[in-house]
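*Asks:* Here it is, the structure, as structure tokens.
The values are calculated or read from the model by the stated rules, or taken from the named source; none is laboratory data. Since we're looking at a predicted model, the values are computed, not measured. All Cβ positions, even for glycine, are placed from backbone atoms using ideal geometry, and neighbour counts span all protein chains on display. Note: areas computed on protein heavy atoms with side chains; ligands, DNA, RNA excluded. Shrake-Rupley method; radii C 1.70, N 1.55, O 1.52, S 1.80 Å.
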Amino acid sequence: MTNNRFPYLLDTSSANYFSTIFFSGPFGVKKDGLINIPAGGRATLKGSFPYAKYFGFHPNDMSTNNFPTLMDEKIDPDAGSYNPWREAGRPEQDRNYTVHFVMDAPPQVVPRNTGYIGEQKNGERNRATFLLLRVYSADLPPLPPHSAGVDLPAITVYDKKGKQIAHYPACEPYPEGYDVPADGTMFPAFPLPDHRAQSQAGRFDLSSNFGIDVDLLSNADILYLNTFYSREHGEIFAVRFKKPKTVNHAQNLYPWSQDLDFRMWTACTYNFWNGAAHSCVTAEDIETDGTGYLTMVISEKHLRPANATAQEGVTWLDAGNFLDGQLSLRMLPRSAPFLERLKKDVTKLDFANPYVPQTAFCSKSVFEEGGFDACASLTEK
């Protein structure tokens, strides 16, 4: 699991993605460069829980539809180890785990720490599995690149009878002295027309796959809230809602704390068409005003309002040099009762729920004069 370039989709900051492909060809056919698993066989992964707010194994079938996730808190630790999403551990205590992916259809009762990947979402046999290991909001700084303080897991392949047929040892993807490659990708800055910035501007939707009929490797653990903006509607795009209570070690709030609204969330701005991420922040980066509300302002750098500062309880995100853009909020786990309720209220545009995001477009000068309220007042007119 050494790939760290998220395939096919938008880049996401505050996240590391590692991936591999399991292949199960007809008549025992194998593919070089892939991890070959015969029908009925399995891959066993042994690793250590990373130092981060979230991690999970995300298998997807050959059509890029999600299989069930093996999410951090649901993975039982090895004997003598502990799971840091369930409890506090001691510094010297191991934090190891073992998980399995079986190339077969799932039984009625699926064993713990196990995923079945032999059957596609449409019921046909699955020949290839895209396995993503996602790590969000690592405890370490984002650069230099890292795998959240632990090696990538070892992978051992067994056939249907339990005979070992391949082994790939645990590895450090970024060893000491690793030369960080420079990304020379150049993205076009000319405005690309996007109907969503016209028909859906400022309105959040819940789609994780951009309206297509496959999951497209999306994260099944996340509630996605996406909206679109354009300079045609105003120089700045502003978003405001009450800040939820999430994991924050500085405030002694941990994944197992009972008074959390949910685990964590991030906010990122993109140019949708070329996949470039401009700005991303985690919940801890986002300031609030004296009433517990947050305001995010999205604009080009030269249009940043003077009062879009942490001191004013405002978080600024770069819109990039593009006409249109997308703001994505990623909240997890989506199964949290708080997020189940939020999902319904966002759909209904029920702003009586203070956590439902309100949006507004206006000029830089209007926001500088009156903040979000002035901006929203202008939008309503």
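*Asks:* Please verify whether region 30-44 includes one or more residues that are part of a strand (DSSP E or B), buried (at least 17 other Cβ atoms within 10 Å of the Cβ) and hydrophobic (A, V, I, L, M, F, W, C).
*Replies:* Checking region 30-44: at least one residue is part of a strand (DSSP E or B), buried (at least 17 other Cβ atoms within 10 Å of the Cβ) and hydrophobic (A, V, I, L, M, F, W, C).
*Asks:* A further question on this structure: Of these, ASN126, ASN83, which one is crowded, with 19+ Cβ neighbours inside 10 Å and either within 24 Å of the chain's Cα centre (by Cα) or of a type in the set (Lys, Arg) (or both)? Show your work before the answer.
*Replies:* Working: ASN126 fails: either within 24 Å of the chain's Cα centre (by Cα) or of a type in the set (Lys, Arg) (or both).
The match here is ASN83.
*Asks:* Can I ask one more? Looking at region 346-367, which of its residues are among the basic types (Lys, Arg) and surrounded by 14 or more Cβ atoms within 10 Å (Cβ to Cβ)? So that I can check it myself, show each step before the final result.
*Replies:* First, pick out the residues of region 346-367 that are among the basic types (Lys, Arg): 348, 364.
The one that is among the basic types (Lys, Arg) and surrounded by 14 or more Cβ atoms within 10 Å (Cβ to Cβ): LYS364.
*Asks:* Right, next: Being open to solvent by 20 Å² or more (accessible area, probe 1.4 Å), among the charged types (D, E, K, R), within 21 Å of the chain's Cα centre (by Cα) and modelled with pLDDT of 90 or more: is that true of LYS343 here?
*Replies:* yes
*Asks:* Could you tell me whether region 65-75 includes any residue that is within 18 Å of the chain's Cα centre (by Cα), at positive phi, of a type in the set (Val, Ile, Thr) and open to solvent by 10 Å² or more (accessible area, probe 1.4 Å)?
*Replies:* Checked region 65-75: no residue is within 18 Å of the chain's Cα centre (by Cα), at positive phi, of a type in the set (Val, Ile, Thr) and open to solvent by 10 Å² or more (accessible area, probe 1.4 Å).
*Asks:* Follow-up question, since we're still on this one. Suppose we keep only residues that are among the charged types (D, E, K, R) and more than 20 Å from GLY325 (Cβ to Cβ) within region 206-235. Which one would you say is surrounded by the most Cβ atoms within 10 Å (Cβ to Cβ)? Outline the logic, then answer.
*Replies:* Keep residues of region 206-235 that are among the charged types (D, E, K, R), which gives 213, 215, 221, 231-232, 235.
The next check asks that each one be more than 20 Å from GLY325 (Cβ to Cβ); those that pass are 213, 215, 221.
Values: ASP213: 8, ASP215: 19, ASP221: 22.
So, considering only residues that are among the charged types (D, E, K, R) and more than 20 Å from GLY325 (Cβ to Cβ), the one surrounded by the most Cβ atoms within 10 Å (Cβ to Cβ) is ASP221.
*Asks:* Taking GLU232 as meeting all but one of (1) in a strand (DSSP E or B); (2) closer than 21 Å to ARG304 by Cβ, write down the number of the exception.
*Replies:* Just one mismatch for GLU232, condition (1).
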